[in-house]
Structures are given as C-alpha cells and as structure tokens.
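The values are calculated or read from the model by the stated rules, or taken from the named source; none is laboratory data. Note that the structure is a prediction, hence the values are computed from the model and not measured. All Cβ positions, even for glycine, are placed from backbone atoms using ideal geometry, and neighbour counts span all protein chains on display.
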Amino acid sequence: MSVKWWKLFGQKTTVGLALGGGSMRGVATVGVLKVLEKNHIPIHYISGTSAGSIAAAFWAAGKTAAEIEEIVLDLDWLRIARFSFALQGLLNPDKLQKYMEDTLPIKYFHETRIPLHISSSDLLSAREYVFGESQEEIALAVAASCSVPGVFTPTKYQDKYLVDGCLVNNLPFSSLARHRPHVYLGVSVIPRGTMPAEPKHLFQVISRIYDIYELNNFTRYQKYKPLILEPLKEYVSPEIKPGKDFYHKLIQAGATETERLLTQIQKAVS
C-alpha cells in the first residue's frame, strides 16, 4: 500500500478531472458527474476537450450534475449549428458560442468556482492551445474546442486558427498538471469496440478517424498515473440527430462505470 506523502504534511488530497471528447457521446460524462456528486467526491480542478469542454464549463461555472443533465437533454445539435458558405467547413460554430453565452451563468474564466482549462488545436502551429487565462471567454473556448475539422469552420482567436482539441489532447491531464493534483481522474468516451458496419455519413467517418487515432495513442496518458473511466464498452455511433433516449443511455453508461469504480475512486481521494 503506497503512502500518501502529502498527508504527512497535513495536506488534503486534491483531485483533477479531465473530460474527453467524442462528439455527442460526451454526454456520458454527465452520468459520471452525477455519481461523483452524489458520493461527495471532491473535484478541485477540471479540464475538458471538445464535447467534454461543455460539461466541464458548466461544472466549473457552478451548475449541479442535475442541472447539466437538464441542459444536455434539451440541447439540439442541429439548432446550434449554422450552415457555412466558407471553404474551411460545412458549419459555423458561432451559434454554439452564442448558446453557451446565453446558458452559462458566467462569462470569463476568472469567475469559475474551480480552475477550468479547455483544450483546442491550432491549425497554424500544429500545437495545443489551452484556454484558461482570467479574461478569456468560456463560450469562445468551448466553441473552438468543439470545432471538428471538416465539419465546423475553425475559430479565429488572436493569431490562431483553432479547431477541435481532440487532435492534440483528448484527455487534457497536462493542463491539470500545472496545479499538481494528487489524483488524476479522466473520462474517455472513445469506445474500444469494433465498428459493426460501414459508416453511413461523413460525420461517422470523421468521428471514427478520431477514435482510431486516440485509441492508438492512449498510453501517452499513463505518465500521470490516472484513474480513467471508460463508460462505453461497445461501439456507439455518433448520431446526426440524437434523441433523448440516446442521451439517457449514455448518461446511464457514465453512471454505471463510475459506480463500478467507486470504491477505487473513494480510496484514491481519501
């Protein structure tokens, strides 16, 4: 049994939570948050990529898991996507940004109840850009982090051209590392199961490309010695127009996985 050295100095265990992307499959993170909240598992720092940035933003802004669930169940992806006539993408992320502005109770990162970091990818430098500075806008960060290349047009920010954070860092433990949490928790919604049939549309093709890249680079996170929850045991296809039943199944999958590992989580954070 390893000794928690920080306890010898009277320090409390601190926890960092990284929420990964995976299109609307990221809704499973809501189930994770519900179980963590119910069992009083503390979260001191939170980060998110792509779909994971949405839940991370609302949690850091002070929303409860039940409130986030209600928001997600009412979210219509087609309503928050505007067709773009630009050559860089089919859809414009500005409606997602406006939706987040209208729904979040705060605007800037310095207003969050716990430190929040949101990852995106800069097309120009081919490097990760992490939002989290005090005067940066959360809604803009979420829109940039969710901008799937080829589907959404990139988000122009300062001298950067930002797209989906999954390209460079789908489970953003690295942005949590600056706070040196004692425990790293992560939620990966990338299914390890085999795709049962050929893709039906462009979004499934793009999503599967992300899945393949992430699954073949998963070992890069091990240096943080994280406890990673993987709610989706079988392949789940991202839907163009998902219904509430689809969302409920994802939320339940997140809750089930967290309950399965709850004893291990409680031991880690005690």
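Taking the condition of being closer than 14 Å to ALA143 by Cα, modelled with pLDDT of 80 or more and not charged (D, E, K, R), how many residues in region 57-107 meet it?
Summing the residues that are closer than 14 Å to ALA143 by Cα, modelled with pLDDT of 80 or more and not charged (D, E, K, R) in region 57-107 gives 9.
Please go through region 188-241 and pick out each residue that is more than 20 Å from THR256 (Cβ to Cβ) and small (Gly, Ala, Ser).
Those that are more than 20 Å from THR256 (Cβ to Cβ) and small (Gly, Ala, Ser): ALA197, SER207.
Could you check, for region 222-236, whether at least one of its residues is buried (at least 18 other Cβ atoms within 10 Å of the Cβ) and more than 29 Å from PRO42 (Cα to Cα)?
yes
Can we say THR64 is of a type in the set (Ser, Thr, Tyr) and surrounded by 15 or more Cβ atoms within 10 Å (Cβ to Cβ)?
Considered against the rule, which asks whether it is of a type in the set (Ser, Thr, Tyr) and surrounded by 15 or more Cβ atoms within 10 Å (Cβ to Cβ), THR64 comes out as no.
Does at least one position in region 242-259 carry a residue that is touching a residue at least 40 places away in the same chain (Cβ under 8 Å), more than 29 Å from ASN39 (Cα to Cα) and either among the acidic types (Asp, Glu) or in contact with a Lys or Arg (Cβ under 9 Å, 6 or more places away or on another chain) (or both)?
No, region 242-259 contains no residue that is touching a residue at least 40 places away in the same chain (Cβ under 8 Å), more than 29 Å from ASN39 (Cα to Cα) and either among the acidic types (Asp, Glu) or in contact with a Lys or Arg (Cβ under 9 Å, 6 or more places away or on another chain) (or both).
Between residues in region 173-197 that are farther than 24 Å from ILE251 by Cα and assigned to a loop (DSSP other than H, G, I, E, B) and residues that are at pLDDT 95 or above and of a type in the set (A, V, I, L, M), which pairs lie under 7 Å by C-beta distance while being six or more apart or on different chains?
What qualifies is PRO181/VAL15.
For residues that are touching a helix residue (DSSP H, G or I) at 6+ places or on another chain (Cβ under 9 Å), within 20 Å of GLN264 (Cα to Cα) and not β-branched (Val, Ile, Thr), tally how many sit in region 14-41.
Step one: of region 14-41, the residues touching a helix residue (DSSP H, G or I) at 6+ places or on another chain (Cβ under 9 Å) are 14-39, 41.
Now narrow it down to the ones that are within 20 Å of GLN264 (Cα to Cα): 14-19, 28-39, 41.
Add one more test, that the residue is not β-branched (Val, Ile, Thr), and what stays is 16-19, 28, 31, 33-34, 36-39.
Summing the residues that are touching a helix residue (DSSP H, G or I) at 6+ places or on another chain (Cβ under 9 Å), within 20 Å of GLN264 (Cα to Cα) and not β-branched (Val, Ile, Thr) in region 14-41 gives 12.
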